[in-house]
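Working notes, structure below.
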Amino acid sequence: MNSSTDPTREQDLAVVRTVADLRRTVAAFRKAGRTIGLVPTMGALHEGHVSLVKGALDRGDVPATSIFVNPTQFGPNEDFAAYPRDEQGDFDKLRAAGCRIVFAPSKDEMYPGQQLTTVTVAGITDGLCGPLRPGHFEGVATVVSKLLLMAMPDRAFFGEKDYQQLQVIKRMVRDLSMPFEIVGMPTVREADGLAMSSRNRYMNPTERAIAAGLYRELNAVAKAARGGASCTAAAAEAAKALLAGGFDKIEYLTVVDAESLAPLEKVSGPARVIAAARLGRTRLIDNIAA
Ligand code: AMP
């Protein structure tokens with residue numbers, strides 16, 4: 001490898017599309033004494049994703065971001081085909097953020113041939129998004145396992161925005177003794193509190209204005225729950241307010257144990273107020289500490 005192709009010498013973003021190239025690039029950084037921080041994404045990147053790259057940089061890791069819209073985590077009636085894709089824009093944002101490796105594989109590179117193996121995390125997938133999105137967390141756990149094994153990072157960074165996903169991955173890594181540290185990062189929000197999401201661009205201006213109510217109501221429930229109120233009563237009141245404010249459907253809005261995700265009636269330890277709601281064609285999820 002001469003200096004012009006040595007990814008550790010150039011300050012640029014190495015774009016790799018195959019597992020072999022990813023491993024070669026990671027190996028070059030490791031040989032230079034560097035640690036690797038993996039940031040798995042589905043692209044259409046925003047400040048939330050960028051904060052994960054910054055999280056890796058802050059720990060001294062070489063950030064490696066993957067961009068793959070994983071078909072196996074979408075249900076048949078979900079938005080796989082419509083999911084926003086903007087590869088060049090994503091590369092520009094990653095470059096500006098100081099990311100050094102981007103892994104953007106094809107579907108065949110990710111899933112070569114017939115795949116007979118999947119990863120299932122039981123229990124904490126029984127509630128919340130689990131029953132509403134059958135197969136979703138199996139798709140997530142399987143693709144994240146593959147990405148971890150492809151990149152073999154020191155750490156991987158995930159947003160608290162997808163709180164159930166973060167707990168599923170933490171549990172998977174623990175149960176399977178995977179040698180990676182999983183780092184959860186705080187949710188990055190718009191000025192009005194709406195959690196940033198690639199799906200926010202589905203909303204029209206009217207819906208976008210209504211959407212801010214979700215964060216407001218999560219805060220109201222958290223405050224009530226912390227004050228000793230019944231979680232069920234506080235959540236029911238918030239759901240009613242959201243529907244009155246223009247949301248079409250509240251799929252769930254509940255207070256759960258922060259680790260097991262079991263529903264709580266009273267808060268006495270670490271807890272999370274967590275919700276999924278529909279607004280037009282957009283499905284919004286969000287959560288905060290209670
Ligand atoms: P996605 O591309 O939506 O699959 O998300 C990739 C990663 O970015 C996941 O770990 C998400 O939890 C994280 N993420 C998405 N939105 C945000 C946000 N607003 N703040 C922090 N992390 C986020």
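Within segment 110-131, which residues are buried (at least 18 other Cβ atoms within 10 Å of the Cβ) and under 29 Å from VAL62 (Cβ atoms)? Write out each step before concluding.
Of segment 110-131, the ones buried (at least 18 other Cβ atoms within 10 Å of the Cβ) are 110, 119, 121, 124-125, 127-130.
Of everything in segment 110-131, those that are buried (at least 18 other Cβ atoms within 10 Å of the Cβ) and under 29 Å from VAL62 (Cβ atoms) turn out to be MET110, VAL119, VAL121.
Identify all residues within segment 85-108 that are in contact (Cβ under 8 Å) with a residue 60 or more places away in the chain and surrounded by 20 or more Cβ atoms within 10 Å (Cβ to Cβ); write none if there are none.
So in segment 85-108, the residues in contact (Cβ under 8 Å) with a residue 60 or more places away in the chain come out as 91, 94-95, 99-106.
Residues satisfying the conditions are LEU94, CYS99, ARG100, ILE101, VAL102, PHE103, PRO105.
Return yes when THR8 is surrounded by 15 or more Cβ atoms within 10 Å (Cβ to Cβ) and at pLDDT below 95 and no when it is not.
Values: surrounded by 15 or more Cβ atoms within 10 Å (Cβ to Cβ): yes; at pLDDT below 95: yes.
Here the answer is yes, as THR8 does meet what is asked.
If I ask for residues that are of a type in the set (Ser, Thr, Tyr) and more than 19 Å from GLN164 (Cβ to Cβ), which ones from segment 174-223 would you list? Explain how you work it out, then say what you get.
Just the residues of segment 174-223 that are of a type in the set (Ser, Thr, Tyr), to begin with: 177, 187, 197-198, 202, 206, 215.
Those that are of a type in the set (Ser, Thr, Tyr) and more than 19 Å from GLN164 (Cβ to Cβ): SER177, TYR202, THR206.
Among the residues of segment 22-56, write down those that are more than 21 Å from ILE169 (Cβ to Cβ) and either surrounded by fewer than 17 Cβ atoms within 10 Å (Cβ to Cβ) or modelled with pLDDT under 95 (or both).
Step one: of segment 22-56, the residues more than 21 Å from ILE169 (Cβ to Cβ) are 23-25, 27-34, 47.
Passing the criteria: ARG23, ARG24, ALA27, ARG30, LYS31, ALA32, GLY33, ARG34, GLU47.
Is it the case that some residue within segment 132-145 is of a type outside the set (D, E, K, R), touching a Ser or Thr at 6+ places or on another chain (Cβ under 6 Å) and surrounded by fewer than 18 Cβ atoms within 10 Å (Cβ to Cβ)?
No, every residue in segment 132-145 fails to be of a type outside the set (D, E, K, R), touching a Ser or Thr at 6+ places or on another chain (Cβ under 6 Å) and surrounded by fewer than 18 Cβ atoms within 10 Å (Cβ to Cβ).
Is it the case that GLU190 is without any contact (Cβ under 8 Å) to a residue 24 or more places away in the chain and within 16 Å of the ligand (Cβ to nearest atom)?
Working: without any contact (Cβ under 8 Å) to a residue 24 or more places away in the chain: yes; within 16 Å of the ligand (Cβ to nearest atom): yes.
In short, yes.
So which residues in segment 205-249 are outside any helix (DSSP H, G or I), of a type in the set (A, V, I, L, M, F, W, C) and surrounded by fewer than 20 Cβ atoms within 10 Å (Cβ to Cβ)? Let's see the steps before the verdict.
Initial filter on segment 205-249 (outside any helix (DSSP H, G or I)): 212, 227-230, 245-249.
Filter once more, so that each one left must be of a type in the set (A, V, I, L, M, F, W, C): 212, 229, 247.
Of everything in segment 205-249, those that are outside any helix (DSSP H, G or I), of a type in the set (A, V, I, L, M, F, W, C) and surrounded by fewer than 20 Cβ atoms within 10 Å (Cβ to Cβ) turn out to be ALA212, ALA229.
Sort out which residues of segment 144-163 are assigned to a helix (DSSP H, G or I) and more than 10 Å from the ligand (Cβ to nearest atom), and write them in order of number.
SER145, LYS146, LEU147, LEU148, LEU149, MET150, ALA151
Only one of (1) under 28 Å from ASN200 (Cα atoms); (2) free of Cβ contacts under 8 Å to residues at least 60 places away in the same chain is not met by ALA28, so which one is it?
For ALA28, the failing item is (1).
List the helices (runs of 4 or more DSSP H) inside segment 16-104, counting only whole elements, that have at least 2 residues being within 10 Å of the ligand (Cβ to nearest atom) and not small (Gly, Ala, Ser). Quick ask: steps written out before the conclusion?
Values: elements: 19-31, 47-58, 87-97.
Per the criteria, 47-58.
Identify all residues within segment 164-187 that are without any contact (Cβ under 8 Å) to a residue 24 or more places away in the chain and within 10 Å of the ligand (Cβ to nearest atom); write none if there are none.
LEU166
If ARG199 passes every condition in (1) within 16 Å of the ligand (Cβ to nearest atom); (2) closer than 27 Å to ASP79 by Cα; (3) out of contact with any Leu (no Cβ under 8 Å at 6 or more places or on another chain) but one, which one does it miss?
Looking at each condition in turn, ARG199 falls short on (3).
The values are calculated or read from the model by the stated rules, or taken from the named source; none is laboratory data. Note that this is a predicted model, so its numbers are computed, not measured. For neighbour counting, all protein chains shown are included, and Cβ atoms are generated from backbone atoms with ideal geometry for every residue, glycine included.
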